[in-house]
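Presented below is the structure to which this report refers.
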Amino acid sequence: MDSIIVRGNGPLNGQIPIAGAKNACLALMPATLLSEEPLTLTNAPRLSDIRTMTELLASLGAEVAALQDGKVLASSSHGEINPVADYDIVRKMRASNLVLGPLLARLGHAVVSLPGGCAIGARPMDIHIDALEALGAQIELREGYLHAKTQGGLKGAVHEMRFASVGATENFLMAATLAKGTSVLKNAAREPEIVDLARCLRAMGAQIEGEGTSTIEIQGVDRLHGATHPVVTDRIELGTYMLAPAICGGEVECLGGRIELVESFCEKLDAAGIAVEETALGLKVKRRGDRIRAVDVVTEPFPGFPTDLQAQMMALLCTAEGTSVLEEKIFENRFMHAPELMRMGAKIEVHGGHATVQGVDKLRGARVMATDLRASVSLILAGLAAEGETVVSRVYHLDRGYERVEEKLRAVGAHIERVTGE
Ligand code: UD1
């Protein structure tokens, strides 16, 4: 298993290109099941989660080819589609559940394994099920699989979700594009990845209005056609690399970054004493003074502070002046990085959904373990700020969501390397 070794760093300077969004791409890829014509996604990130989705789509009968070193994904599902998404693939990645809506829309039936829990919480599927049942699907759980069917296809409906779930919004949106009549989704998620999916579906001939707001209206059409769509910039990768100069000093320009993707995050950076400037190519980030100031953070659905940047923000606040409180409102168990950061000398107390971080002058390098995707990158960021050497093991989590992290950080002057097979 690979490890990443990070040595405490001086200032970082230069540019970091930001990839296409993993979470957008994972929703866009299953959209290929909605049409017999090809769907081409450009600006795709090269990540293991994308390969898992490719494997899942192939098991359903779609063809996916990674072109241009994986940056372009050409897909087609013109042949016969298999309605069964098997546990062996679904358990690897929760986003596999995003094939449920498209399969129901295309075939009128589907059998999709429940993903099971993951390190950050139980993550049930009830909101997805309620949303698809509102469109006329009947869904039963048998032997760990959701067995979904319709009588004569999906029918448009008005539905309000109990919580603005990202995945359930995506499943509803894809299913409703081919349902008979009009569908309205209330309390819909507003994440940029939803907007990107709606844009792609529209390019495929879907009739959708209101994406990016909490009410989305979809007029069902008989068929969708092929399209080519560029994947939106990854706002989580963007936020992560914006923290690198915030932690180490220096000035880094994140290429492809846009403020509207990370507005609430930038407000917190500003309060912590970090300047973000929009440039023609992206976002330039540097510290205003020597020391970071403590800030309180509450994670919320978009446009609130993203839960996927909470661990990285905690790494920054470990060396801030004063005490910060981070409140996690999206996932029940998302502070596993805290004990690892404490091994590096951070002062953190976790009580339920709150973590109190008392800033220390310096972190010290240590051997630490990655527990999930965002936790692993927070340990790398902390390692950059620490004295001495930090060895992060179990970095396979990292490869699910960060494309060539060590190359990107090394290019701006970070002392970081990957050791294979340890
Ligand atoms: C997506 C992102 C993930 C991000 C999360 C929240 C992808 C592939 N993943 O995950 O990186 O952290 O949004 O921004 O896009 N819930 C239920 N029942 C359901 C569905 C969700 O109780 O049927 C709960 C979850 O357990 C969780 C919360 O709702 O506590 C948020 O989940 P959701 O918005 O659905 O996140 P995902 O789509 O899984």
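The values are calculated or read from the model by the stated rules, or taken from the named source; none is laboratory data. If you're wondering where the values come from, they're calculated on a predicted model, not measured in any experiment. Because the Cβ atoms are built from the backbone with ideal geometry, glycine has one as well, and the counts that use them run over all protein chains shown. The accessibility values were calculated without ligands, DNA or RNA, using every heavy atom of the protein model including side chains. Shrake-Rupley method; radii C 1.70, N 1.55, O 1.52, S 1.80 Å.
Here are the numbers for the structure shown:
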item	result
Kirkwood Rh (inverse of mean 1/r, distinct Cα pairs), segment 151-254, angstrom	15.2
Dipole of segment 223-323, positive direction: furthest Cα of Phe302, Ala315, Ile292, with charges on the beta-carbon	Ala315
Estimated dipole of the chain in Debye, rounded to 20 [Cβ of Lys and Arg +1, of Asp and Glu -1, Cα centre]	380
Euclidean distance between Cα centres, segment 356-401 to segment 128-171, Å	39
Per-residue HN-Hα couplings for segment 350-366 [Karplus 6.51, -1.76, 1.60; θ = phi - 60°; Hz; x = Gly/Pro]	10, 10, x, x, 10, 10, 9, 10, 9, x, 10, 5, 8, 8, 10, x, 7
Estimated dipole of segment 22-230 in Debye, rounded to 20 [Cβ of Lys and Arg +1, of Asp and Glu -1, Cα centre]	180
Rounded to 5, the percent of DSSP beta bridges in the chain classed as antiparallel	70
Relative contact order (%) - the chain, alpha-carbon pairs under 8 angstrom, separation at least six	21
Residues whose placed amide H lies under 5 Å from that of Leu146, excluding near-sequence neighbours	Val112, Ser113, Leu114
Members of Lys22/Lys286; Lys22/Lys155; Lys268/Lys329; Lys286/Lys347 lying beyond 23 Å, as alpha-carbon distances in this model show	Lys22/Lys286; Lys22/Lys155; Lys286/Lys347
Mean shadow area of segment 285-422, taken as a quarter of the surface of its Cα convex hull (nm²)	8.4
Kyte-Doolittle mean at least 0.0 and Cα axial length at least 18 Å: DSSP H helices in the chain	235-248, 373-385
Calculated [θ] (222 nm, deg cm²/dmol) that DSSP helices of n ≥ 4 give over the chain, each run adding -39,500 (n - 2.57)	-8500 deg cm²/dmol
Residue with peak Gaussian network fluctuation, the chain [Cα springs, cutoff 10 Å], from Gly101, Gly304, Gly352	Gly352
Candidates Gly353, Gly167, Gly249, ranked by Gaussian network fluctuation over the chain, Cα under 10 Å, top entry	Gly353
Alpha-carbon Debye profile of segment 91-216, log10 I(q)/I(0) at 0.17 Å⁻¹	-0.82
Kirkwood Rh and Cα Rg combined as Rg/Rh, the chain	0.98
Cα centre as origin, Lys/Arg/Asp/Glu Cβ charges: segment 139-258 dipole, Debye	540
Within straight-line cross-link reach of Lys149, lysines at Cα separation under 27 Å, skipping those fewer than 8 residues along the same chain	Lys92, Lys180, Lys186
Accessible area per residue in Å² at 1.4 Å probe, computed on segment 22-230	39
Accessible-area composition of segment 22-230, carbon plus sulfur, in percent [1.4 Å probe]	49
Residues whose placed amide H lies under 5 Å from that of Gly136, excluding near-sequence neighbours	Lys155
Among Asp196, Asp126, Asp234, residue whose mean-square fluctuation peaks in a GNM of the chain (springs only between Cα atoms under 10 Å)	Asp126
